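Below is one structure; the comments refer to it alone.
The values are calculated or read from the model by the stated rules, or taken from the named source; none is laboratory data. Not measured: the values here are computed from a predicted model. We place every Cβ from the backbone using ideal geometry, glycine too, and count neighbours over all the protein chains shown. Side chains are part of the model used for accessible areas, which takes the heavy atoms of the whole protein and leaves out ligands, DNA and RNA. Shrake-Rupley method; radii C 1.70, N 1.55, O 1.52, S 1.80 Å.
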Amino acid sequence: MAIKDIDWSSIGFSYIETDYSYVSMYKDGKWDEGTLTKEHTVTMSECAGVLQYSQSCFEGLKAYRTEDGKIVTFRPDLNGQRMIDSCKRLEMPEFPMERFLDAVDQVVKANADWVPPYGSGATLYIRPYMFGYNSVIGVKPADEYMFRILVTPVGPYFKGGAKPIVLRIPDFDRAAPHGTGNIKAGLNYAMSLHPVMEAHREGYAENMYLDPATRTYIEETGGANIIFIKDGGKTLVTPKSDSILPSITRRSICYVAEHYLGMNVEQRRIPYAEITEMEEMGLCGTAAVISPVGRVDDHGKQICIPTGMENVGPVTKKLYDTLTGIQMGTIEAPEGWIREIKAD
């Protein structure tokens, strides 16, 4: 076994076919044993539940090669639990936690050659997903499901270093009150595509959504939670809402802020008017960990974050460096955060 001979610094954040995927089928009320497969295409009925009624959910996590050569994943149990929560909301069968973790281990181990070397900035992205498989014409849940995991190497999200981005306040809502905003359903992301493409056409990186009920509280963007720094760098604040996706990265950042950097952490409803009191702002998620924000535009009004458009804020950088150090094994991790993929 040897790491693939690839120019890891040149690959982007896009799909590259690897050696194996993982697949398991749910039929007659139970999951089969599951298996690794070299088949990377899916054949199903034109009337499959996922095609007719968008019954699908997914997860995203990464495998890393540490400085001492180990291959690890970061808090995969939280991804497994979030997928269970998504399945419950979408009337899909739960894929058991232990099987989820074992499937991730299997597919990463089978594709160990595709895990980029330590220090390259690249990682192995892991995408578990599930969808309604059998034909469904009436509006109802499917009876059969396919659970799969694909893996693909991805390059550093920010080549040349992270630069602050500009957001806009859109005229759209990301999710409905009491809807599906708090689960990782594919349909949520389909709804965000038009607003984000409209933002891109207007020169913005993303949309910052306000709460759908009153449009007076900050929620999140189309694909990431939001964090703020205030009080001279002493406090981290992040929005709390029933229609926000519970980000594993955000949860981890909050822990790092409190237990590694000694900061105060507040998870609460944040009035949009309070944004002018914030000193640093970032978007957090699996892909980039933290994307710094330099400005928010609201229908002609510009709200400039004090750290500006040139550099990452000092506290945001400390949070990023500490969390990525934990993921890469250069900083001691809290118990249970790192799962090693052991060779046979």
>> Straight-line reach only, C-alpha to C-alpha below 23 angstrom: list the lysines that LYS88 could link to, leaving out same-chain residues fewer than 8 apart.
In response: LYS27, LYS30, LYS140, LYS184, LYS240
>> Please compute the alpha carbon radius of gyration of region 121-202, then divide it by the globular-protein estimate 2.2 N^0.38 Å. Two decimals is fine.
In response: 1.49
>> Give me the net charge for the shell around GLY325: Cβ to Cβ below 13 angstrom, other residues only, Lys and Arg +1, Asp and Glu -1.
In response: -1
> For ASP85 and GLU340 in the same chain, what is the full-extension length gain: residue separation times 0.36 nm, less their Cα-Cα distance, in nm?
Replying inline: 89.3 nm
> For region 236-292, which trypsin sites (Lys or Arg not before Pro) are both in a DSSP coil and crowded by at most 16 other Cβ atoms within 10 Å?
Replying inline: LYS240, ARG269
> Using the Cα atoms as the points, what is the convex hull volume per residue of region 226-344 in Å³?
Replying inline: 135
>> Solvent-accessible area of HIS200, probe 1.4 Å, all protein chains present, reported in Å² to the nearest ten, please.
In response: 90
> Once the mean 1/r over all distinct Cα pairs of the chain is inverted, what Kirkwood radius in angstroms do you read off?
Replying inline: 21.1
> Scanning the chain for GluC sites (Glu not before Pro) in DSSP loops with at most 16 other Cβ atoms within 10 Å, what's the longest stretch left with none?
Replying inline: 92-201
> What FRET efficiency comes out for the pair LYS240/THR324, r = Cβ-Cβ distance, R0 = 35 Å, nearest 0.05?
Replying inline: 0.90
>> Quick check: net charge around ASN264, other residues with Cβ under 13 Å of its Cβ, Lys/Arg +1 and Asp/Glu -1?
In response: 0
> Considering the dipole of region 265-323 built from charges on the beta carbon (Lys and Arg +1, Asp and Glu -1) around the Cα centre, which of ILE270, ASN311, ALA288 is farthest to its positive end?
Replying inline: ALA288
>> Once R0 is set to 45 Å, what does the formula 1/(1 + (r/R0)^6) return for the Cβ-Cβ distance between MET44 and THR276, expressed as a FRET efficiency to the nearest 0.05?
In response: 0.35
>> How large are Rg and Dmax for region 1-124 when calculated on the C-alpha trace, in angstrom?
In response: 16.3, 49
> How much net charge surrounds MET97 when only the other residues with a Cβ under 15 Å from the Cβ of MET97 are counted, with Lys and Arg +1 and Asp and Glu -1?
Replying inline: -2
> When the helix-only estimate is applied to the chain (DSSP H runs of n ≥ 4, each -39,500 (n - 2.57), divided by the residue count), what is the mean residue ellipticity at 222 nm, nearest 500 deg cm²/dmol?
Replying inline: -7000 deg cm²/dmol
>> For Cα pairs less than 8 Å apart in space and 6+ apart in sequence, what is the mean separation divided by the residue count of region 44-169, i.e. the relative contact order in percent?
In response: 32
> Given 0.36 nm per residue, what is the gain on full extension from GLN267 to GLN302 after removing their alpha carbon distance, in nm?
Replying inline: 10.1 nm
